[in-house]
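Visitor: Before I ask anything, let me first share the structure, which is written out below as C-alpha cells.
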Amino acid sequence: MAIVVQKYGGSSVADAGKIRNVARRVSESFSKGNKVVVVVSAMGDTTDDLIELANKINPSPEPREMDLLLSTGEIVSSTLLAMALHAMGFSAVALSGPQAGITTDSAFSRARITGIEPKRIVKELSKGNIVIIAGFQGLTSDNDITTLGRGGSDTTAVAIAASLKAKICEIYTDVEGVYTADPRLVPEAQKLNEIGYEEMLEMATSGARVLHHRSVELGQVYNMPILVASSMVDKPGTIIQGGENMEQRNKVRGIAHDMDVAKITVGGVPDRPGIAAAIFMPLAKAGISVDTIVQNASANNITDLTFTITRKDVAKAMEIIRPVAKQIGARECLNDSKLGKVSIIGTGMQNAPGYAAKMFQTLYAQNINIQLITTSEIRITCIIAEDKVKEAVKALHKAFDLDKG
Ligand code: ADP
Ligand code: ASP
Ligand code: MG
C-alpha cells in the first residue's frame, strides 16, 4: 500500500463546503487503497485575523503566546476535516503537530523542524485511519508550541512525506501549479510542467509564495518530489524535482516579486573594522532577519550602510539601530517602508552575459528607478518602489519572452 501525503492550503479549506470538497478528494485517494496522510493550513484568513486580534490587545505580543495562539488555526481546520470524513463514513484521526511527533527549535514564529518521530502517524495508518495533521507547528524540547513561519504548512507536509518515505508530496492550492510569474499579477503567465529544486528555491525565497522556501529546501535535501496542483480542478500541476528529465530550459524560468520590503540606511558611518558587526549583531539577537546588505565605497573613511528587512520589523529594527548608530558615530539613521523587489530567475543565466543589462534596460524603459541590486548565480533582484512592482513584473515577463509558453 502506497503512502500518499497531501497538503491543502488555507483557501482550499476556507469554509464548510470547501472542507467537504477536500474530504471527498482525500476519501477518493483512500478508496484507491492508499494510506493517506493530510496536512492542512488554517481556514482562509484565520492566521491574519488572529494576528490582527492579538495586536489589538497588545501591540507587541510575546512570541511564545503568539505562536500558541496562531497554532490554533490549524487545529480548527484539521479537526473539522476529520469530522467531515467521519460524516462520510471514513475513519480519520486529527493530530496536532506535537501529537504527530514534530519537534522544532525554539525560534518562535520562524521555528525550524529539528526532527519527526512518526510513530503515532504510523500506528494510526496501520489501524486503517486517514491521518489529518495540523500544519505550521511543532514542539520545542521545553514543550512549547512553535510555528514555522508564514506559509509553513508546506514545510510540515514535505517533512512528513520525507519521514514516511512517501514517493511524492502533493501540495494542493488555489492555482493550478507553479507559473512563470504570479498568475494573479500576470494573466499571461504560463504554468511550468516541471522545475528543479534550485530554481524553485530562488523563486520561493524571492517572494513566490506558492511554496514555503523551507519546504523546497527539505525537498532537495531528502530528494522528495513535490507536486503543486489545484485543489479544485483535476489538472496535471507542476512537479518540483532534481536535475534529470528537465524540460528544455528557458534561460529565465520565472519572475518573482515581493511587495513587503523595507530599507534602513545608516548614513555617515566611520569605515573601520567591527562596524558592520556592531550593527548586525543586535539585529540577529532580536531575531530580525536581514535580506540585502549594501555598503557604499567609502569617501574620507566615511561610508553608508543600507540593508533590507520585512516591513513588520522596521519599528523594532529602528529602536535597536538608533542607539548603535549614535554609539559608533554615524550621522543618521533613515528608513523607507514602501519598497518591493522583483527578481528574474533561471539556471540558464549562470555564466551567461546580458541578463542584468536586459533587466535594467527593461526597468529603465518603464521609468522605474532601481534602488538596490543583488544577485546569486541564478538570480538578479532589483529593489524598487512598491507601487512599481506590478508594472516591473509584467514588463520583465514580456521582455524575457515568458508569455510565449
Ligand atoms: P495556500 O493557501 O494554498 O498555501 P498560498 O496563497 O500560500 O496558497 O499560495 C498560492 C498563491 O501563490 C497563488 O494564489 C498565487 O497568487 C501565488 N503565487 C505567487 N507566485 C506564484 C507563481 N510563480 N506560481 C503560482 N502561484 C504563485
Ligand atoms: N496558516 C499559516 C499562514 O497563514 C500557515 C500556512 O498557511 O501554511 O501563514
Ligand atoms: Mg501557502
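The values are calculated or read from the model by the stated rules, or taken from the named source; none is laboratory data. Quick caveat: nothing in here was measured; it's all calculated off a predicted structure. Here the Cβ positions follow ideal geometry from the backbone for every residue, glycine too, while neighbour counts run over all protein chains shown. The area values use the complete protein model at the heavy-atom level, side chains included, leaving out ligands, DNA and RNA. Shrake-Rupley method; radii C 1.70, N 1.55, O 1.52, S 1.80 Å.
Visitor: Give me a count of the residues in the stretch 113-130 that are crowded, with 17+ Cβ neighbours inside 10 Å and among the charged types (D, E, K, R).
Guide: Going through the stretch 113-130 one residue at a time, the tally reaches 1.
Visitor: Still on this structure: How about the stretch 179-194: which of its residues are open to solvent by 20 Å² or more (accessible area, probe 1.4 Å) and within 11 Å of ligand 1 (Cβ to nearest atom)?
Guide: Correct list: Tyr179, Asp182, Pro183, Arg184, Leu185, Gln190, Lys191.
Visitor: State yes or no: is Val261 open to solvent by less than 10 Å² (accessible area, probe 1.4 Å), in contact (Cβ under 8 Å) with a residue 40 or more places away in the chain and of a type outside the set (Asp, Glu)?
Guide: yes
Visitor: Could you give every pair whose Cβ atoms fall below 6 Å, whose first residue belongs to the stretch 223-237 and is of a type in the set (Lys, Arg), and whose second residue is surrounded by 16 or more Cβ atoms within 10 Å (Cβ to Cβ), counting only separations of at least 6 or pairs across chains?
Guide: Note: pairs meeting the criteria are Lys235/Glu176.
Visitor: From Arg209, Arg214, which residue is among the charged types (D, E, K, R) and surrounded by 22 or more Cβ atoms within 10 Å (Cβ to Cβ)?
Guide: Exactly one residue qualifies, and that residue is Arg214.
Visitor: Further question on the same structure: Please go through the stretch 7-26 and give me each residue that is within 21 Å of Ser126 (Cα to Cα) and open to solvent by less than 10 Å² (accessible area, probe 1.4 Å), ordered by number.
Guide: Ala23, Val26, listed by residue number.
Visitor: Could you list, in sequence order, all residues of the stretch 275-331 that are open to solvent by less than 40 Å² (accessible area, probe 1.4 Å), within 27 Å of Arg112 (Cα to Cα) and in contact with an Asp or Glu (Cβ under 6 Å, 6 or more places away or on another chain)?
Guide: Passing the criteria: Ile288, Thr308.
Visitor: With respect to Tyr197, determine if the residue is under 17 Å from the mean Cα position of the chain (by Cα), over 25 Å from Ile309 (Cβ atoms) and more than 6 Å from ligand 1 (Cβ to nearest atom). Talk me through it step by step, then tell me what you get.
Guide: Working: under 17 Å from the mean Cα position of the chain (by Cα): yes; over 25 Å from Ile309 (Cβ atoms): yes; more than 6 Å from ligand 1 (Cβ to nearest atom): yes.
Yes, satisfied.
Residue-wise test of (1) under 19 Å from Ala208 (Cα atoms); (2) at pLDDT below 95; (3) of a type in the set (Ser, Thr, Tyr).
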site	(1), (2), (3)
Ala352	no, yes, no
Lys358	no, no, no
Ile370	no, no, no
Asp387	yes, no, no
Lys390	yes, no, no
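Visitor: Could you give me the residue pairs with C-beta distances under 7 Å whose first residue belongs to the stretch 383-395 and is under 13 Å from Leu185 (Cβ atoms), whose second residue is in a helix (DSSP H, G or I) and open to solvent by 10 Å² or more (accessible area, probe 1.4 Å) wherever it lies, and which are 6+ apart or on separate chains?
Guide: Short answer, once both residue conditions are applied: Ala395/Thr362.
Visitor: Moving to a separate point now. For the stretch 120-176, give me each residue that is small (Gly, Ala, Ser) and free of Cβ contacts under 8 Å to residues at least 24 places away in the same chain.
Guide: Of all residues in the stretch 120-176, those small (Gly, Ala, Ser) come to 126, 128, 134-135, 138, 141, 149, 151-153, 157, 159, 161-163, 166.
Passing the criteria: only Ser126.
Visitor: Moving to a separate point now. For the stretch 134-160, which positions are closer than 16 Å to Val26 by Cβ, more than 13 Å from ligand 1 (Cβ to nearest atom) and touching a Phe, Trp or Tyr at 6+ places or on another chain (Cβ under 8 Å)?
Guide: None - no residue of the stretch 134-160 is closer than 16 Å to Val26 by Cβ, more than 13 Å from ligand 1 (Cβ to nearest atom) and touching a Phe, Trp or Tyr at 6+ places or on another chain (Cβ under 8 Å), so the list stays empty.
Visitor: Still on this structure: Just give me the residues in the stretch 4-50 being of a type in the set (Val, Ile, Thr) and under 21 Å from Met88 (Cα atoms), in sequence order.
Guide: Selection gives Val4, Val5, Val13, Ile19, Val22, Val26, Val36, Val37, Val38, Val39, Val40.
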